[in-house]
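Quick notes on the structure that follows.
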Amino acid sequence: MEHIAAFMLLIACSNDLQTCTEQPAPTVAYESMQQCELELRPALQIADGKYGKTMGKCVEIDPALFYEDAEIVWDVTAEGEIEVAIELINPQIDLNAMARSDHADETTRVN
């Protein structure tokens, strides 16, 4: 069985960042943050030109979270950064220990 260590979040927004939608990532999950980060730039380049602004982020995740009922919640700030949180449906698990983005303020953008 594969070890899930990270996932990629791709977001496409209008030029004014008022309307943003999540886009499909090329892979559901990655075994390492490095593997995700290597595929992030090519994924953004494929999406480039289809939307006003395209951005993405790799988020590290504890493998145990893969088996929990959880929701990925994201927001795009006025500065064009992606904020990501994982909200567990079972709140008895320590969320801060389960998932985090490697570089909290480094969102990769195209455009």
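Among the residues of region 26-65, those identified as touching a Phe, Trp or Tyr at 6+ places or on another chain (Cβ under 8 Å) and either of a type in the set (F, W, Y) or farther than 23 Å from E79 by Cα (or both) are V28, A29, Y30, C36, E39, I61. Any residue at all in region 43-58 that's among the hydrophobic types (A, V, I, L, M, F, W, C), assigned to a helix (DSSP H, G or I) and over 17 Å from V84 (Cβ atoms)? Among the residues of region 43-58, at least one is among the hydrophobic types (A, V, I, L, M, F, W, C), assigned to a helix (DSSP H, G or I) and over 17 Å from V84 (Cβ atoms), which makes the answer yes.
Quick grid of which residues meet (1) surrounded by fewer than 13 Cβ atoms within 10 Å (Cβ to Cβ); (2) out of contact with any Gly (no Cβ under 6 Å at 6 or more places or on another chain); (3) of a type in the set (V, I, T):
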{"residue": "A5", "(1), (2), (3)": "no, yes, no"}
{"residue": "S14", "(1), (2), (3)": "yes, no, no"}
{"residue": "Q18", "(1), (2), (3)": "yes, yes, no"}
{"residue": "Y30", "(1), (2), (3)": "no, yes, no"}
{"residue": "C36", "(1), (2), (3)": "no, yes, no"}
{"residue": "I46", "(1), (2), (3)": "no, yes, yes"}
{"residue": "G52", "(1), (2), (3)": "no, yes, no"}
{"residue": "C58", "(1), (2), (3)": "no, yes, no"}
{"residue": "P63", "(1), (2), (3)": "no, yes, no"}
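Here A97 passes the criteria (1) outside any loop (DSSP other than H, G, I, E, B); (2) at pLDDT 75 or above; (3) more than 11 Å from the chain's Cα centre (by Cα) except the one numbered (2).
The values are calculated or read from the model by the stated rules, or taken from the named source; none is laboratory data. Bear in mind the structure is a predicted one, so any value in this text is a computation, not a measurement. Every residue, glycine among them, receives a Cβ derived from its backbone with ideal geometry; neighbour counts consider all protein chains shown.
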